[in-house]
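What follows is a single structure, written as structure tokens, with notes after it.
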Amino acid sequence: MAGFHVRSVLVTGSNRGIGLELIKRFIGKLNPPEVIFATCRDPEGVRAQELKNLASKHPNVVILQLEATDSASIKSAAKKAEAHLGGTGLNLLINNAGIMPPSTLESATPEDMLSVYNTNVVGPLLVTQAFLPLLKKAAQGSNQKGMSCSKAAIVNISTVLGSIEKTPETFSFVPVVSYRCSKAALNMLTKCQSMGYKQDGILCTALHPGWVKTELGNFQPNVQADLTVDESVSGLMKVICDLSEKHHGILVSWEGNTLPW
Ligand code: NDP
């Protein structure tokens, strides 16, 4: 991790779970980013209190309102970020916000399918579109060779449950059909972004955080997820620091292993 320095990072869905822990880890780095944009949909709500406490102690944390299903909210967040960056670009965009409602082949409804797609796929698409000029600016302003998160990168938080090849191993564990379909689409979006933004020098990677003890991960009463948030995000931070062009357009686990699409 030596020499790895992200000047600016933005994490969506950062008021709890994996997103909040990512913010804490960036704050705690030996060479923390100069700007950490922590977005959440309701900065004034009780669920943002921990994030607000962090921001009050760390002036490099800037909370931005961002609802991933609302393009006006996303555009407004991008404008505020641009003003805050004062002419510099954004190095690292982490599309982390996501939902996983219960959904089986029998119970899935059009509303369920579309709402999950909207949050988990359309959200990252729109957020990336809005922040792309700032990512390009970071890539253009960098003298680093190759691709990295300290230059310019889009990291989409996906899951092995979106891997079509791995579905025979994971389906009986938890069906969550709408979620699986949305994350398979997010994987495709990541691949498309990797094709589209290659010439801009923007690294595009999907990450699987493991099965983590968060509200989303604790979907079954009496069954504990494998990993604490601390364990998962320790792995994710190491992977993020190590990402390079060899990870462009692939799905990588919190342990750094390549997973099949
Ligand atoms: P949590 O449920 O703990 O947190 C989800 C976060 O996403 C919250 O901050 C929530 O905000 C935010 N969010 C949800 N919908 C929207 C929206 N429409 N706009 C903006 N923000 C939104 O989940 P995790 O931390 O576990 O999940 C984070 C990511 O990791 C997700 O993409 C998930 O799919 C992925 N993941 C998680 C795994 C796990 O085991 N936990 C496994 C594999 C992948 P609010 O508080 O306002 O609801």
Response to the item:
On each of the three principal axes the extent of the alpha-carbon atoms of region 150-261, given in whole Å and largest first, is 47, 27, 20
Response to the item:
Note, region 249-254: 3J(HN,Hα) by Karplus (6.51, -1.76, 1.60, θ = phi - 60°), whole Hz, Gly/Pro = x, goes x, 10, 9, 10, 7, 4
Discussion item. Compute for the chain: radius of gyration divided by Kirkwood radius, i.e. Rg/Rh, restricted to C-alpha atoms, rounded to two decimals.
Written reply: 0.94
Worksheet item: Arranged from highest to lowest average of other beta-carbon atoms within 10 Å per residue, in what order do the peptides 234-240, 53-59, 34-40 appear?
Response: 34-40, 234-240, 53-59
Fill in: Protection proxy ranking, peptides 120-129, 148-157, average beta carbon neighbours within 10 Å, highest first
148-157, 120-129
Worksheet entry | Burial order of peptide ranges 87-95, 43-51 (average beta-carbon count within 10 Å, highest first) | 87-95, 43-51
Discussion item. For region 48-87, what does the accessible surface come to per residue with a 1.4 Å probe? Please give it in Å².
Written reply: 55
Worksheet, complete the sentence: Averaged over all viewing directions, the convex hull of the alpha carbons in region 96-200 casts a projected area in nm² of 7.5
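Where Lys and Arg each count +1 and Asp and Glu each count -1, what net charge lies around Leu227 among other residues with Cβ under 13 Å from its Cβ?
Taking every Cβ under 13 Å from that of Leu227, the sum is -4.
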Item to complete: Note down the magnitude of the dipole of region 16-126 about its Cα centre, charges +1 on Lys and Arg C-beta and -1 on Asp and Glu C-beta and zero elsewhere, to the nearest 20 debye.
Response: 560
Discussion item. Using the Cα atoms of region 1-142, I'd like the radius of gyration and the largest Cα-Cα distance, Dmax, both in angstrom.
Written reply: 15.8, 51
Worksheet item: Over the Cα atoms of region 78-135, what Rg and Dmax result, in angstrom?
Response: 15.7, 51
Worksheet, complete the sentence: In whole Hz, the Karplus estimates of ³J(HN,Hα) for region 204-216 (6.51, -1.76, 1.60; θ = phi - 60°; x where Gly or Pro) are 10, 9, 9, 10, 9, x, x, 9, 10, 6, 10, 4, 5
Response to the item:
In the chain, taking the dipole from +1 charges on Lys and Arg beta carbons and -1 charges on Asp and Glu beta carbons about the Cα centre, the listed residue (Pro168, Phe37, Met113) farthest towards the positive end is Phe37
Worksheet entry | Extension reserve of the Val223-Met195 stretch, reckoned as 0.36 nm per residue once the Cα distance is removed | 6.1 nm
Discussion item. Under a Cβ-only charge scheme (Lys and Arg +1, Asp and Glu -1), can you give me the dipole magnitude of region 84-211 about the Cα centre, in debye to the nearest 20?
Written reply: 640
Item to complete: Return the sequence-ordered ³J(HN,Hα) values of region 96-105 in whole Hz as given by the Karplus equation 6.51 cos²θ - 1.76 cosθ + 1.60 applied to θ = phi - 60°, using x for Gly and Pro.
Response: 10, 4, x, 9, 9, x, x, 6, 10, 4
Worksheet item: Could you give the dipole magnitude of the chain about its Cα centre, charging the beta-carbon of Lys and Arg +1 and that of Asp and Glu -1, in debye to the nearest 20?
Response: 880
Item to complete: Take the cross-link list Lys166/Lys238; Lys80/Lys246; Lys52/Lys191; Lys136/Lys213; Lys57/Lys151 and give me the ones stretching past 30 Å between alpha-carbons.
Response: Lys80/Lys246; Lys52/Lys191; Lys136/Lys213
Worksheet item: Using alpha carbon centroids, what distance separates region 39-69 and region 232-261, in Å?
Response: 26
Discussion item. Computing the accessible area with a 1.4 Å probe over protein heavy atoms, can you report the carbon and sulfur percentage for region 1-122?
Written reply: 56
Practice prompt. Report, to the nearest whole %, how much of the accessible area of region 183-261 belongs to carbon and sulfur atoms, 1.4 Å probe, protein only.
Written response: 54
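The values are calculated or read from the model by the stated rules, or taken from the named source; none is laboratory data. Since we're looking at a predicted model, the values are computed, not measured. Using ideal geometry, Cβ is built from the backbone for each residue, glycine included, and neighbour counts are taken over all protein chains shown. Areas reflect the complete protein model, heavy atoms only, side chains present, ligands, DNA and RNA absent. Shrake-Rupley method; radii C 1.70, N 1.55, O 1.52, S 1.80 Å.
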